[in-house]
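Single-structure report; data block below.
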Amino acid sequence: MKNSIAHTGFTLVELLLALTILSLVSTVALGHWSGWMNDVRHRTQINAYAELFNYARWMAASRRQRVTLCPLDTDNRCRDDWNLPVSVFPDQDNNKEPDGNLVWRVFPAPMVPFSVRSRTGGRGYLQFSASGMVYGASGGLVLCPDRDIEGGKMSYMAVNRGGRFRSEHDEDDDRHIRLSWGADIHCA
């Protein structure tokens, strides 16, 4: 009787074919990975701003006092540069500076690859009254992707007169949103 030993393994051709297929699949997957990561970052930013605006409104209503939300400069004054960290603070004297240098929350600068610009009529701040409604004029922010991000999404985030946060998104990735009342929002 003859014993036969079965040889198992891959031939060189089979191994090269498997590596070629693996490299093609990896290339396609990595191409989509960066787009997926930018979408996740975009949703994370929108949710974080919604939480920040809701926190400022809640502090105003629960503490029964005026609250300001803005980026602060080195002198603790509101500055219209929303790519800086954003602070939430009590502002009873309405001077756009933290009362007694008390800042309740600091929100970090926008994460890469996004920038933020305001639509606050040049004021650079938003305020909530003791009732939780907007104090003074309402406004919003525009979240823009960096220019080198192909197909990056933009969003318009606003607070209405009642103090409620809402966001509208650029669904076709053309960096343009037309609001319901006809205003055009662009990312340059």
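The values are calculated or read from the model by the stated rules, or taken from the named source; none is laboratory data. A quick note: this is a predicted structure, and the numbers were derived from the prediction, not measured. Glycine gets a Cβ as well: all are built from the backbone with ideal geometry, and neighbour counts include every protein chain shown.
Give the residue that is surrounded by the most Cβ atoms within 10 Å (Cβ to Cβ), with candidates limited to residues of segment 145-163 that are charged (D, E, K, R) and touching a strand residue (DSSP E or B) at 6+ places or on another chain (Cβ under 9 Å). Before the answer, list the steps.
Of segment 145-163, the ones charged (D, E, K, R) are 146-148, 150, 153, 161.
Narrowing further to those that are touching a strand residue (DSSP E or B) at 6+ places or on another chain (Cβ under 9 Å): 146, 153, 161.
Values: D146: 12, K153: 23, R161: 9.
Checking each candidate, the answer is K153.
For residues that are surrounded by fewer than 16 Cβ atoms within 10 Å (Cβ to Cβ) and β-branched (V, I, T), tally how many sit in segment 62-89.
The number of residues fulfilling the criteria is 1.
As an exercise: evaluate R57 against (1) touching a residue at least 24 places away in the same chain (Cβ under 8 Å); (2) assigned to a loop (DSSP other than H, G, I, E, B); (3) charged (D, E, K, R) and give the number of the one condition it does not meet.
Here R57 clears every test but (2).
Output the strands (runs of 3 or more DSSP E) that fall wholly within segment 87-188 and possess 1 or more residues being over 17 Å from F53 (Cβ atoms) and among the small types (G, A, S), or say none.
Output list reads 114-119.
How about segment 95-150: which of its residues are aliphatic (A, V, I, L, M) and farther than 23 Å from R161 by Cα?
Selection gives L102, V103, V106, A109, M111, V112, I149.
Return only the number of the condition from (1) touching a Leu at 6+ places or on another chain (Cβ under 8 Å); (2) modelled with pLDDT of 95 or more that R63 does not satisfy.
So the condition that R63 fails would be (1).
Counting only residues that are touching a Ser or Thr at 6+ places or on another chain (Cβ under 7 Å) and assigned to a loop (DSSP other than H, G, I, E, B), how many does segment 60-86 have?
4
So, N3, is that one surrounded by 11 or more Cβ atoms within 10 Å (Cβ to Cβ) and either part of a loop (DSSP other than H, G, I, E, B) or at pLDDT 95 or above (or both) or not?
For N3, the condition - surrounded by 11 or more Cβ atoms within 10 Å (Cβ to Cβ) and either part of a loop (DSSP other than H, G, I, E, B) or at pLDDT 95 or above (or both) - is not met.
Can you pull out the residues in segment 90-109 that are surrounded by 14 or more Cβ atoms within 10 Å (Cβ to Cβ) and touching a helix residue (DSSP H, G or I) at 6+ places or on another chain (Cβ under 7 Å)?
P90, D91, W104, R105, F107
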